[in-house]
1. Being in contact (Cβ under 8 Å) with a residue 40 or more places away in the chain, more than 9 Å from the ligand (Cβ to nearest atom), within 29 Å of Met1 (Cα to Cα) and surrounded by 18 or more Cβ atoms within 10 Å (Cβ to Cβ): is that true of Ala72 here?
2. If you take just the strands (runs of 3 or more DSSP E) that sit entirely in segment 1-53, which of them hold at least 2 residues that are under 14 Å from Tyr70 (Cα atoms)?
3. Kindly evaluate Ala67 against the criterion of being of a type in the set (A, V, I, L, M, F, W, C) and free of Cβ contacts under 8 Å to residues at least 40 places away in the same chain.
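Every number in this text was worked out from the coordinates using simple rules, so none of it is lab data. Given the structure is predicted, the values throughout are model-derived calculations rather than measurements. Reconstructed Cβ throughout: ideal geometry from the backbone, glycine too, with neighbour counts over all protein chains shown.
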Amino acid sequence: MTAEIEFRGHFRATALGMLQPGNWYLGFRCQACHETFAVLDDLTGTGEIEPMGAGVFEVACPVCSAANRYQAGDMLVFQSATAQAGQDVEPNR
Ligand SMILES: [Zn+2]
């Protein structure tokens, strides 16, 4: 069963600097360098989570430092392959 998580409003988020390989995260693909970075732990721990809502995240990419705005609907769910913040991943959505 997929859990839904709804974001409303404006969030000033900080990208996670270190990831736990094998863990699931919610994040975005950087608009500038196209690396994927995480902003939140997937609380289900399984990747079976569906971000939704009209929320907007303002967050700086940990790889290239570009600060941009991202829609909750563009949020990616991915399993980290490495401990690095920026990585090329296959999101499950
Ligand atoms: Zn970037």
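1. Values: in contact (Cβ under 8 Å) with a residue 40 or more places away in the chain: yes; more than 9 Å from the ligand (Cβ to nearest atom): yes; within 29 Å of Met1 (Cα to Cα): yes; surrounded by 18 or more Cβ atoms within 10 Å (Cβ to Cβ): yes.
Taking the combined requirement at face value, the residue satisfies it.
2. Values: elements: 3-6, 10-12, 24-29, 36-41, 49-52.
Filter on segment 1-53 gives 10-12, 24-29, 36-41, 49-52.
3. Details: of a type in the set (A, V, I, L, M, F, W, C): yes; free of Cβ contacts under 8 Å to residues at least 40 places away in the same chain: yes.
The answer is yes for Ala67.
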